[in-house]
Amino acid sequence: SRKKIVFIHGCFWHGHHCPAGSKKPKTNADYWERKIERNVQRDRRSQSALRRGGWSVAVVWECQTRNLEKLERRLRTFLEK
């Protein structure tokens, strides 16, 4: 199937469980925690809707872009299947 989509998510903004994504803001923390949680929920809804529509979905996290060889292998595998 050609119906494939790749999201590139910033670790902080999309609540990834890595050192960058787990970092808590020092100011206005309540606002940012709610904002990030809304982003996470929106991402889940969007990805679920796409999958129900027949799309294959891959999420690449910002921290995963540092190892380009590994990322290339992962994306090739995703796109070729």
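The values are calculated or read from the model by the stated rules, or taken from the named source; none is laboratory data. The shown structure was predicted, so the numbers you read here are calculated from the model rather than taken from an experiment. For neighbour counting, all protein chains shown are included, and Cβ atoms are generated from backbone atoms with ideal geometry for every residue, glycine included.
Residue under question is ARG45, and the condition is that it be modelled with pLDDT of 95 or more, under 16 Å from the mean Cα position of the chain (by Cα) and loosely packed, with under 11 Cβ neighbours inside 10 Å; does it hold?
Against the criterion (modelled with pLDDT of 95 or more, under 16 Å from the mean Cα position of the chain (by Cα) and loosely packed, with under 11 Cβ neighbours inside 10 Å), ARG45 qualifies.
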Residues of the range 1-42 being surrounded by fewer than 10 Cβ atoms within 10 Å (Cβ to Cβ) and charged (D, E, K, R), in sequence order, are ARG2, LYS24, LYS26, ASP30
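So how many residues does the range 9-52 have that are aliphatic (A, V, I, L, M) and touching a Phe, Trp or Tyr at 6+ places or on another chain (Cβ under 8 Å)?
Of the range 9-52, the ones aliphatic (A, V, I, L, M) are 20, 29, 36, 40, 49-50.
Subsequent filtering for residues that are touching a Phe, Trp or Tyr at 6+ places or on another chain (Cβ under 8 Å) retains 20, 36.
Going through the range 9-52 one residue at a time, the tally reaches 2.
Sort out which residues of the range 22-75 are part of a helix (DSSP H, G or I) and of a type in the set (Lys, Arg), and write them in order of number.
So in the range 22-75, the residues part of a helix (DSSP H, G or I) come out as 22, 29-52, 62-66, 68-75.
Within the range 22-75, ARG34, LYS35, ARG38, ARG42, ARG44, ARG45, ARG51, ARG52, ARG66, LYS70, ARG73, ARG74 qualify.
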Filtered residues of the range 52-77 (kept if within 15 Å of the chain's Cα centre (by Cα) and closer than 13 Å to ILE5 by Cα): SER56, VAL57, ALA58, VAL59, VAL60, LEU75
Quick one: is PHE7 within 18 Å of PHE78 (Cβ to Cβ) and of a type in the set (Phe, Trp, Tyr)? yes
